[in-house]
Amino acid sequence: APIEFPEPRIRSAIVAKEKKDDEKLGEALRDMQTEDQTLKAEFASEVKQLILWGQGELHLQVARWRLEHVYGIKTEFEEPKIPYRETIQKPATAMYRHKKQSGGSGQFAEVHLRIEPHVEGAPDPTDLNVRGKEEIDLPWGGKLVFYNCIVGGVIDAKYLPSIQRGVMEKMQEGPMTGSHVRDVRVMVFDGKMHAVDSNDISFKIAGAQAFKEAFKQADPLILEPIYEMEIMVPEEVMGEVMGDLQTRRSIIGGMETQGRYQVIKALTPLAEQYKYTTALKSITQGRASFKRRFKEYAPVPFEVQKSLAAQHAD
């Protein structure tokens with residue numbers, strides 16, 4: 001049977017101190033992974049960071065030492081960014097007119113749309129004339145339901161895909177934190193076009209901007225990844241481990257006894273788990289272990305939302 005290598009347990013973002021070493025760093029890490037199957041490097045495209053996974057703090061420090069002394073690349077560790085999501089809590093309506101005049105033909109498009117939270121199994125809107133509906137499973141989870149509710153041909157059907165592209169572009173980089181947007185329905189219900197100046201690009205811009213405006217008024221919400229954790233601890237340090245979990249915004253889900261150990265079950269935001277292996281080790285003198293798996297996205301507390309939105313606005 002093939003040798004089972006342990007799954008990496010601890011992660012950190014890693015950056016080359018000098019920009020010119022970026023490519024070299026990727027190659028060196030590929031090299032090192034071939035020699036050490038318990039080390040894993042991956043580029044997290046959503047947060048645009050190179051993430052290094054290892055068995056523990058020391059393992060990552062050794063990798064960093066090797067990068068400097070064997071490959072001649074000086075690196076720094078950074079906290080991994082969190083792949084947040086954005087969504088909305090109430091309906092909102094917005095319009096946007098895109099108009100540009102330069103020499104001969106210009107650009108013109110006007111789009112009126114309504115956005116609402118998407119709830120699985122909810123009926124279609126009854127106050128609008130639904131002429132078409134498309135349900136899109138988003139690559140980053142959740143859905144976009146896109147409705148054509150245009151009456152009287154005020155916008156040609158051929159421009160609807162462009163409006164949708166504009167909406168999708170804004171959903172890929174949400175208005176609040178630049179994170180992916182999920183679970184929204186969008187109804188395009190009115191607008192204007194110009195026989196000469198209207199084109200696909202104009203409607204894409206108008207669709208994107210109308211979506212952005214509506215989103216801001218729709219009581220937006222930031223969601224964060226939550227993990228199920230199981231921590232196996234000796235009875236005598238259980239209180240300290242529980243106390244530490246509470247400082248990490250964890251919800252304790254219960255406990256069970258396994259021999260001399262207690263297994264604590266908790267739901268913990270990913271944002272609060274950086275260097276948890278090290279913290280657990282120092283609380284329990286290395287006598288505890290834990291495993292975790294992704295569970296769901298859930299709203300961040302109000303204070304956290306305020307600070308994330310403010311950071312993005314800078």
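The values are calculated or read from the model by the stated rules, or taken from the named source; none is laboratory data. Owing to the predicted nature of the structure, the values given are computational and were not obtained by experimental measurement. For neighbour counting, all protein chains shown are included, and Cβ atoms are generated from backbone atoms with ideal geometry for every residue, glycine included.
Do the conditions hold for Glu236, that is, is it assigned to a helix (DSSP H, G or I), outside the structural domain of Val111 (by TED's automatic domain parsing) and either in contact with a helix residue (DSSP H, G or I) (Cβ under 8 Å, 6 or more places away or on another chain) or of a type outside the set (S, T, N, Q) (or both)? Spell out how you get there, then give the answer.
Values: assigned to a helix (DSSP H, G or I): yes; outside the structural domain of Val111 (by TED's automatic domain parsing): yes; either in contact with a helix residue (DSSP H, G or I) (Cβ under 8 Å, 6 or more places away or on another chain) or of a type outside the set (S, T, N, Q) (or both): yes.
Answer is yes for this residue.
Restricting to segment 62-104, name every residue that is within 17 Å of Arg30 (Cβ to Cβ), among the hydrophobic types (A, V, I, L, M, F, W, C) and assigned to a loop (DSSP other than H, G, I, E, B). Listed by number, the residues that qualify are Val70, Ile73.
Which residue out of Gly207, Gly178, Gly191 is in contact (Cβ under 8 Å) with a residue 60 or more places away in the chain and in contact with an Asp or Glu (Cβ under 7 Å, 6 or more places away or on another chain)? Talk me through it step by step, then tell me what you get.
Values: Gly207 fails: in contact with an Asp or Glu (Cβ under 7 Å, 6 or more places away or on another chain); Gly178 fails: in contact with an Asp or Glu (Cβ under 7 Å, 6 or more places away or on another chain).
Within the list Gly207, Gly178, Gly191, the selection yields Gly191.
All conditions but one from (1) part of a helix (DSSP H, G or I); (2) of a type outside the set (A, V, I, L, M); (3) touching a helix residue (DSSP H, G or I) at 6+ places or on another chain (Cβ under 8 Å) apply to His59; the one that does not is (3).
I'd like to know if segment 35-58 contains one or more residues that are more than 22 Å from the chain's Cα centre (by Cα), among the basic types (Lys, Arg) and either outside the structural domain of Gly178 (by TED's automatic domain parsing) or exposed (fewer than 14 other Cβ atoms within 10 Å of the Cβ) (or both). It would help to see each step written out before you state the result.
Here is the first cut: in segment 35-58, the ones more than 22 Å from the chain's Cα centre (by Cα) are 35-39, 54-58.
So of that shortlist, the ones also among the basic types (Lys, Arg) come out as none.
Checking segment 35-58: not a single residue is more than 22 Å from the chain's Cα centre (by Cα), among the basic types (Lys, Arg) and either outside the structural domain of Gly178 (by TED's automatic domain parsing) or exposed (fewer than 14 other Cβ atoms within 10 Å of the Cβ) (or both).
For residues in segment 1-27 being part of a strand (DSSP E or B) and touching a helix residue (DSSP H, G or I) at 6+ places or on another chain (Cβ under 7 Å), which is nearest to Lys74 (Cα to Cα)? Looking at residues that are part of a strand (DSSP E or B) and touching a helix residue (DSSP H, G or I) at 6+ places or on another chain (Cβ under 7 Å), I get Ala16. Do you know which of the residues in segment 172-199 that are part of a loop (DSSP other than H, G, I, E, B) and among the charged types (D, E, K, R) is modelled with the lowest pLDDT? Filtering first and then ranking leaves Asp197.
Taking the condition of being in contact (Cβ under 8 Å) with a residue 40 or more places away in the chain and either closer than 12 Å to Phe189 by Cα or in a helix (DSSP H, G or I) (or both), how many residues in segment 131-155 meet it?
Keep residues of segment 131-155 that are in contact (Cβ under 8 Å) with a residue 40 or more places away in the chain, which gives 138, 140-150, 155.
Now drop any that are not either closer than 12 Å to Phe189 by Cα or in a helix (DSSP H, G or I) (or both), which leaves 146-150, 155.
Number of matching residues: 6.
Kindly provide the set of residues from segment 9-25 that are in contact (Cβ under 8 Å) with a residue 24 or more places away in the chain and within 22 Å of Glu68 (Cα to Cα), ordered by number. Correct list: Ile10, Arg11, Ser12, Ala13, Ile14, Val15, Ala16, Lys17, Glu18, Asp21, Lys24, Leu25. Scanning segment 261-312 for residues that are under 20 Å from Glu7 (Cβ atoms), assigned to a strand (DSSP E or B) and either of a type in the set (D, E, K, R) or in the same structural domain as Trp140 (by TED's automatic domain parsing) (or both) gives Lys265, Lys291, Arg292, Arg293, Lys295.
Sub-6 Å Cβ pairs linking a first residue in segment 245-261 that is within 17 Å of Ala271 (Cα to Cα) to a second residue that is in a helix (DSSP H, G or I), at least 6 apart or interchain, are Arg248/Glu272; Arg249/Glu272, ordered by first then second residue.
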